[in-house]
Structures are given as structure tokens and as C-alpha cells.
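The numbers here are math on the coordinates, done by the rules we state, and not lab data. What you are looking at is a predicted structure, and each value in this text was computed from that prediction instead of being measured. Reconstructed Cβ throughout: ideal geometry from the backbone, glycine too, with neighbour counts over all protein chains shown.
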Amino acid sequence: MEVLVLEARDRVGGRIATFRKGSYVADLGAMVVTGLGGNPVTILSKQIKIELHKIRQKCPLYESNGNTVPKDKDEMVEREFNRLLEATSYLSHQLDLNYVQSKPVSLGQALEWVIKLQEKHVKEKQIQHWKAILQLQEKLKESHTQMVRVQERIQELHRVHKELTEVKQRDVTQEFVHRSIVTRSPSARLAFCQ
């Protein structure tokens, strides 16, 4: 029997491919048969006597370092992926953005656009965040400057108070000023010293 195999891409394997990006590796296609009822792959597997194994409901995922992916992380990635699919569906069905320059838009292209729009949105939020931080830093700087001025004023008042309360020979005018400051209320003393 002579068989001619045609490939759509410049590699052998059809849907079977290993996707690599950085340290991440994923096998794509042909390893899972979904929908066994009426699926031609199921019929073929029976005809050529390939045994299919049922996948357990609990199927752990592994990171590139061999550690299992935490459930909350997996669920978060799944939610984000579904959100991206919903956004691309919106582009396709609501905005009728299925063709660009008379060429059909693939799901991959649509996902890339949605991801880039999301990245743009995140960067805009980061810019707003950094602007808010800069404003807070300016307020902090102003508060610090005021605190330094108040501290210098307190030190000056402390010095004046120390001079006035030291026991030493005073002339009549100095004694009058000293006693008038000592007998006044604290707020009046501060106002007098300013």
C-alpha cells in the first residue's frame, strides 16, 4: 500500500506540535480526544486498535520547574483566558471586526490585539499611579519643610527661654520683660516671643 502524506506546514506532525516560549513548553493537539460519541478519531482508534485512556477528572498541571501549579493560579489563568476569549468574541460579533484590509482576522491576531489593548490600559493605570505617588511625595516634601521650620522655631524659642530664665544680673528692663513673659499664658508667651 502506498501512502502520500500532505502537510499544511513546513514540518511533519499536523496538529501535533511542541510550543516553546522561554522556559515554557506545551504540547499542542492530538493528545486528547474530546467528545467520544460520533468523533471520527474514536472510530479510527478502534479500527487500528489504539487503546484510549480516560483522563482523570483531577488532572494536575506542572510548571516548567516540575512543581504543580497551585489551584488558585490555574483558576486565575483560566478566568483570564476566558475573559480574553469573550473580548475577542465581542470584537468579532458585536463590532464585526472579522476582516482587516480584506483579509480574515485569526483568533490569534484578535487575542494579540486584545492583549496589547490590555497592556496599554495597564500602562496608563501605572502612569496614573506614579503621578499620584509624585503628588504625595510633593506634599510630603512640603510637610517636611514645614516641620523643619517649626523645629527651628522651637529651638530658637527654647534658646530665648533658657537665656531669660538663667539666673544672672539683669537690669530693670530685662527683669520686667522676663517677669511679664513668665506670668503670661503659654500662647501669649509664644506670641510675645515671635
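Descriptive notes on the structure:
- Calculated mean projected area of the Cα convex hull in nm² (choose from (1) 12.7; (2) 10.6; (3) 27.1), label: (3)
- For the cross-link pairs Lys73/Lys139; Lys73/Lys120; Lys21/Lys49; Lys21/Lys116, the ones whose C-alpha atoms lie over 28 Å apart are Lys73/Lys139; Lys21/Lys49.
- If you plug the beta carbon distance of Asp96 and Ala8 into 1/(1 + (r/R0)^6) with R0 = 35 Å, you get a FRET efficiency near 0.80.
- Sorting 104-115, 48-59 by average packing, meaning the other beta carbons within 10 Å per residue, from highest down gives 104-115, 48-59.
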